[in-house]
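Only one structure is covered here, and it is reproduced in the block below.
The values are calculated or read from the model by the stated rules, or taken from the named source; none is laboratory data. Nothing here was measured: the structure is a model prediction, and the numbers come from that model. Backbone-built Cβ (ideal geometry, glycine too); neighbour counts: all protein chains shown.
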Amino acid sequence: MASRRRMLLKVIILGDSGYVNRKFSNQYKATIGADFLTKEVQFDDRLFTLQIWDTAGQERFQSLGVAFYRGADCCVLVHDVNVMKSFDNLNNWREEFLIQASPSDPENFPFVVLGNKVDVDGGNSRVVSEKKAKAWCASKGNIPYFETSAKEGFNVDAAFECIARNALKNEPEEEM
Amino acid sequence: MKSVFSAPGDYIYFKSQVPLHRIPIGTKQWRYYDFGPKVVTPLICLPGTAGTADVYYKQIMCLSMKVGYRVISVDIPCVWNHQEWIQSFEKFLDAIDVHHIHLYGTSLGGFLAQLFAQHRPRRVKSLILSNTFLETRSFAAAMPWAPFVSWTPSFLLKRYVLTGIRDGPHEPFIADSVDFVVSQVETLSRDELASRLTLTVDSASVKPLLLSESFITIMDTNDYSAIPQQLKDQLSERYPGARRAYLKTGGDFPFLSRPDEVNLHLQLHLRRVGLEAQPELVQSIPKDGTGGGPSKENDKEDRDDEQKDNGGNPESNSEESQPSPSAPESSESHGLDEQLLSNAEIHFIDQKDSIILKPSAMSMNQHSAAAGILLRSTWEFFIFSLLPLYVDSLYIYSNNAWKLRQLV
């Protein structure tokens, strides 16, 4: 009976740059600065439903309330490789997440870092190098790093699969 | 409330702010809350078998009292089949002067919401379906005693409904939600319980809806619920384009155990379907009332009285013998009550025929429903008056048997 139950993973995306769906930001009304989408990912012969929450970088997420990050399985920190400030802010976002979500094991909570918009201007306007980003990730306990472009869908699936794998590692056989 | 359960503080606050309305419409008594700006298309909450209008108080407190939506939560009235539900609910909407609605239905309420959307497609603007199903077949199969529901005594019905609520160690919020719902079940009359159980087994299934799937959100809890996973999957497959707002945990009553998440999803849904809140119109204490009771204390007393009556002599519990307590306040009720009385008289004369027709009476129209109620009371009267005789004879028999054994 339990075998048919879906694996549901809650993923929270934070960062100065909205990632999942840019068109969210147009729909945002004053009340809630967030939205989510669901994505099915399959690996190891299992089907995972990712519920991906995004703030589109609109709001400091304290104002979103507990509901937003309760039960998060993974936090994705996004920066725009063309904007240095968005990279500098990663640390703030990470710390804020750990404070707000207060996961039981903050040291080992799964984060993923995405360097977004690598395709903009053929990469000529890039200011955050892959090396620099990877160095930061390594210093925070080997956070996996992906370079993506939401527009081209480049690397997006790999990133999501990693998210699923990561989240699973964190709570291996917990009944969901 | 006689139980040890003590009402949570926010619920006490809610009761002090939001009036409970009770109005008779046709032969049905409607009990509901209606709060928030009247200019906004309402979100109507439909509870499951073990729920009342009160179980959604956390949604009203957030969405109506803070965000600026109009939320109406109702008790499922005593209807005995799905056609009657649709007609009765439509009359209710007409009576409170609401045309378009958004529906949030959990469990049985979600099923009834879909049926209404199917039969009255122009009224239903969007659906939020939570831990619910498309057809009643499996419930009917699981309840072979379904034909006798309307003759089953109250305590057995209550026990049956309560055993459907998952027992066992829960985390505190889920445990509180279960306690709250159990305390609500205690307030339900026998007829209310019987009608809901009848609705869950009355053979019906939801046909394809005209409503676009982008206006449907499925809000299932992923830990467990009384509705089997198979039925929830079936519903998911029916609406592949619906938005999936799954909650990782929350049990059977996420609106109580995970109110902030549920409220967030409800807001996201309403925003998605284009319904704007009116935060500037949020009222603190309502001055109006669409035909409801003058104060909530009165309503509460009414309900408690009803309970006492039910407990004391169940056979007297019929709509005819108890004129509705709020009837004098409502202008439209008199005509309807008279109509009801005359129906009752007619059926009294026809009683002999009705007895033969009884098994099919439940699937008929309101007239026979009224007859059904009357007939049921008669049945109960017989059963209850025969019961002492039966017990006596048992006693005599066992006494004799015992004497016989002694002799041998």
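Take region B:162-178 and flag every residue that is farther than 16 Å from residue B:47 by Cα and surrounded by fewer than 19 Cβ atoms within 10 Å (Cβ to Cβ).
Within region B:162-178, the subset farther than 16 Å from residue B:47 by Cα is B:163, B:166-176.
Once the filter is applied, which keeps residues that are farther than 16 Å from residue B:47 by Cα and surrounded by fewer than 19 Cβ atoms within 10 Å (Cβ to Cβ), region B:162-178 yields B:163, B:166, B:167, B:168, B:169, B:170, B:171, B:172, B:173, B:175, B:176.
Return the only residue of B:225, B:195 being hydroxyl-bearing (Ser, Thr, Tyr) and in a helix (DSSP H, G or I).
Answer to the check: B:195.
Name the pairs whose Cβ atoms lie under 7 Å apart, with the first residue in region B:263-282 and within 8 Å of chain A (Cβ to nearest Cβ), the second surrounded by 19 or more Cβ atoms within 10 Å (Cβ to Cβ) and among the polar types (S, T, N, Q), and 6 or more positions between them or separate chains?
Hits for this filter: B:263/B:59.
State whether the residues of region B:228-236 include one that is without any contact (Cβ under 8 Å) to a residue 40 or more places away in the chain and more than 13 Å from chain A (Cβ to nearest Cβ).
For region B:228-236, residues without any contact (Cβ under 8 Å) to a residue 40 or more places away in the chain and more than 13 Å from chain A (Cβ to nearest Cβ): absent.
Assess whether residue B:128 counts as being under 16 Å from the mean Cα position of the chain (by Cα), β-branched (Val, Ile, Thr) and within 27 Å of residue B:233 (Cβ to Cβ). Quick ask: steps written out before the conclusion?
Values: under 16 Å from the mean Cα position of the chain (by Cα): no; β-branched (Val, Ile, Thr): yes; within 27 Å of residue B:233 (Cβ to Cβ): yes.
Against the criterion (under 16 Å from the mean Cα position of the chain (by Cα), β-branched (Val, Ile, Thr) and within 27 Å of residue B:233 (Cβ to Cβ)), residue B:128 does not qualify.
Residues A:73, A:88: which one is over 14 Å from residue A:133 (Cα atoms), modelled with pLDDT of 85 or more and not basic (Lys, Arg)? Spell out the reasoning first.
Numbers: A:88 fails: over 14 Å from residue A:133 (Cα atoms).
The conditions single out A:73.
If we scan region B:199-214, do we find a residue that is touching a Leu at 6+ places or on another chain (Cβ under 9 Å), at the interface with another protein chain (Cβ under 10 Å from one of its Cβ atoms) and not aliphatic (A, V, I, L, M)?
No, region B:199-214 contains no residue that is touching a Leu at 6+ places or on another chain (Cβ under 9 Å), at the interface with another protein chain (Cβ under 10 Å from one of its Cβ atoms) and not aliphatic (A, V, I, L, M).
Yes or no: residue B:139 among the aromatic types (Phe, Trp, Tyr) and either surrounded by fewer than 16 Cβ atoms within 10 Å (Cβ to Cβ) or assigned to a loop (DSSP other than H, G, I, E, B) (or both)?
Working: among the aromatic types (Phe, Trp, Tyr): yes; either surrounded by fewer than 16 Cβ atoms within 10 Å (Cβ to Cβ) or assigned to a loop (DSSP other than H, G, I, E, B) (or both): no.
Considered against the rule, which asks whether it is among the aromatic types (Phe, Trp, Tyr) and either surrounded by fewer than 16 Cβ atoms within 10 Å (Cβ to Cβ) or assigned to a loop (DSSP other than H, G, I, E, B) (or both), residue B:139 comes out as no.
Limited to region A:71-100, what total is found for residues that are without any contact (Cβ under 8 Å) to a residue 60 or more places away in the chain and within 28 Å of residue B:262 (Cβ to Cβ)?
3
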